[in-house]
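One structure is given below, encoded as structure tokens.
Values in this text are rule-based calculations from the coordinates and carry no lab data. Model, not experiment: these values are computed from the prediction. Cβ: placed from backbone, ideal geometry, glycine included. Neighbour counts: every protein chain shown.
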């Protein structure tokens, strides 16, 4: 029952269930062998731009973009799958 | 009857074609026997140049709309497959928690899903109208309703009259093919940035290429689910489920609500993308047809004017010749 023990940890780290499950999914994808792995990782591209509105005016939008392969490798080295996308 | 209307249109076109210098010529020459309408700059007949140019542009527009229709049709097939598969994601949640659109709560968040691009019929307007109706239904004293807007088109419509209620707007969602990771990151962003008791997701459910049903999916916050479960009713059965392991019911419900939201969003975004493509297909189909009709009408007018001028010339030649011999 490893998952039971893990629940309070990721929740107390400020993660939602969605983030947690995404990290897990990404770990599983990384376990694939190569032709499938590259395909699976290329499929899951994250890109959208978010703008918060205050008093009827949009604030500066922030964009989430997929990582280039080099950045991705760096990010993986930096943290073991914790930060799986960058916020620019 | 049709001939009469066409002739009338032809007449209107002829007067449109030669408006230039009609007044000037009349002023210079004063009263003349020659019809002003037929004689703009010393020309003997109505110029058909304008009609020809118009025909050319209509033809080009028709080509563009036809191409757009083909593009939408080919994209639709792939998206439709994914959409139909994604329905399996929310169905278990509805089986477990039910769909409770009528739950009365304080903090409402309406998530309106629309497209970034236009030329797709009325699907964006329908989801905006639906959202505004929901806003009215749920607003009241001590109640708060906020919009989270996905897509350029709905944003443009909300900015007009309900700017203040917009909380977050999200665009550029469809740069890459839609996937679950992307939508779940998005759902996570929304959850972190708004306070909610109920999230109401408005989108166009894809039924067939010509039919889209504006749909509301409701995701309740864990507290509200618990409250409703205690009050009995539709959610009353929730207590009969056994919880495994050491988690409390609150934790489970929290996880469920979050996961339910991201799954419902995923399906909603896909359904809406699919409806968008379907709507664009039918819109472009009808506009190509309209362009074809217009082209037919213009061709008829063009030929009629051309023939009229030829006939006049022939009559003039023949009558001139007969005047000489006679």
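Taking every residue in A:18-24, how many Cβ atoms of other protein chains lie within 10 Å of its Cβ, on average? Mean partner shielding for this stretch: 5.
Within 10 Å of each Cβ in peptide B:158-167, how many partner chain Cβ atoms are there on average? Round it to a whole number, please. Per-residue shielding by partner chains comes out at 3. Taking 0.36 nm per residue of separation and subtracting the current Cα-Cα distance, fully stretching the chain between residue B:142 and residue B:290 would add 48.2 nm.
The calculated FRET efficiency for residue B:242 paired with residue A:55, based on their beta-carbon distance and R0 = 51 Å, is about 0.60. Fully extending the segment from residue B:324 to residue B:312, taken as 0.36 nm per residue of separation minus the present Cα-Cα distance, adds 2.5 nm.
Modelled spin labels at residue B:195 and residue B:73, positioned 7 Å past Cα toward Cβ, are 5.3 nm from each other. Legend: ranking of residues A:44, B:242 from fewest to most surrounding C-beta atoms inside 10 Å; resulting order B:242, A:44. Mind checking the log10 I(q)/I(0) for region B:216-326 at q = 0.11, 0.13, 0.18, 0.21 Å⁻¹? Debye, one equal scatterer per Cα, no solvent, two decimals. Here the Debye-derived log intensity ratios amount to -0.68, -0.77, -0.99, -1.11.
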